[in-house]
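Beneath this line is the structure, given in structure tokens, with notes to follow.
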Amino acid sequence: MVLNREEKKMEQYKQEFIEFMVESNVLKFGDFTLKSGRKSPFFMNAGSYVTGAQLKKLGEYYAKAIHDNFGDDFDVLFGPAYKGIPLSVATSIAFHELYGKEIKYCSNRKEEKDHGGDAGILLGSPITDGDRVVIIEDVTTSGKSIEETFPIIKAQGNVEILGLMVSLNRMEKGKGDKGALDEIQEKYGFKAAAIVSMAEVIEHLYNREYEGTVIIDDAIKGAIDAYYQVYGVK
């Protein structure tokens, strides 16, 4: 799979988000070994968002993407532990500031708490019958996190999961020949979306100077194309 520039105009917030990932040293290009064992020419680590200003902006980008994809007719943002916790908190704050809608945040604990007034597996708001939930994560390649998250949410009662929002769609095979987000959508029946796709990242950065540096030059673009020849979705 070779990624080329798309003709359609990319939304302004998506362009800003791509540059924000680069500025924050979250999106990197080079030679990386992923958790899956794949050798990748790019890597995204949401754990590198560490300042208040970064988290505030990150929440705003997520809120805009969620609003575009799911509207505001939902009740809970669920962020799987651990990286999903700050994502759900920052985004629920941003959603209120941007759209005037109170969205509750919720997360899970890795180990269930058996004492105190907030005992149980959940952190933040409880999830109850009738709640509509959007799951928020940094990135997904295999869908393993959703396999753990889905039964936790559904165990809370008659709950509707509207969808999943991640920051970057890597546009590569998941467990089979389809993309990870497509596999999640097919298996669980809810929409899986991203703030930006890797195609949009390349469209915005390829051979374009940003703050005095070309982030994706011909060599890096060639390495990405070669990677997608092996791992890209058909």
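The values are calculated or read from the model by the stated rules, or taken from the named source; none is laboratory data. All figures in this text were calculated on a predicted structure; none of them were measured in a lab. All Cβ positions, glycine included, derive from the backbone under ideal geometry; neighbour counts span all protein chains shown. Accessible surface is based on the protein model in full, side chains and every heavy atom, while ligands, DNA and RNA are left aside. Shrake-Rupley method; radii C 1.70, N 1.55, O 1.52, S 1.80 Å.
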*asked:* So, V139, is that one under 16 Å from the mean Cα position of the chain (by Cα), open to solvent by less than 50 Å² (accessible area, probe 1.4 Å) and modelled with pLDDT of 95 or more or not?
replied: no
_Contact list please: Cβ distance under 7 Å, first residue in segment 177-206 and without any contact (Cβ under 8 Å) to a residue 40 or more places away in the chain and closer than 18 Å to V133 by Cα, second residue in a strand (DSSP E or B) and basic (K, R), pairs at least six apart or on different chains._
Q185/K191
*Specify which of the listed residues (F78, F20, F70) is surrounded by 16 or more Cβ atoms within 10 Å (Cβ to Cβ), of a type outside the set (D, E), modelled with pLDDT of 95 or more and under 22 Å from I224 (Cβ atoms).*
F20
*Could you list, in sequence order, all residues of segment 51-67 that are aliphatic (A, V, I, L, M), in contact (Cβ under 8 Å) with a residue 24 or more places away in the chain and surrounded by fewer than 23 Cβ atoms within 10 Å (Cβ to Cβ)?*
L55
*Say whether the condition of being closer than 29 Å to Q12 by Cα, at pLDDT 95 or above and open to solvent by less than 50 Å² (accessible area, probe 1.4 Å) is met by at least one residue in segment 102-112.*
yes
